Amino acid sequence: IALIAAAEQAMFTKGLEIHVRQRTMKKEIEALDDAEAILAYKVGMADR
């Protein structure tokens, strides 16, 4: 049971990290003002 709870917590935490990153990326992309900047934008998690 503790293992299941730990797995659920890990999935929730990772999901929250992904959600926050998506919101951050959306704000960053909205701030880009030309095609070159958009094409140069690095997609993904910041730590990878």
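Here, each number is a calculation from the coordinates, and none is a lab measurement. Given the structure is predicted, the values throughout are model-derived calculations rather than measurements. Neighbour counts are summed over all protein chains in view; Cβ atoms, including those assigned to glycine, are modelled from backbone coordinates with ideal geometry.
Results, tabulated for the structure shown:
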{"quantity": "Failed item in (1) loosely packed, with under 10 Cβ neighbours inside 10 Å; (2) over 9 Å from the mean Cα position of the chain (by Cα), with Gly44 passing the rest", "calculated": "(2)"}
{"quantity": "Top-ranked residue in the range 24-41 [being in a helix (DSSP H, G or I) and surrounded by 10 or more Cβ atoms within 10 Å (Cβ to Cβ); ranked as farthest from the chain's Cα centre (by Cα)]", "calculated": "Ala37"}
{"quantity": "Residue check, Glu8 among the acidic types (Asp, Glu) and without any contact (Cβ under 8 Å) to a residue 24 or more places away in the chain", "calculated": "yes"}
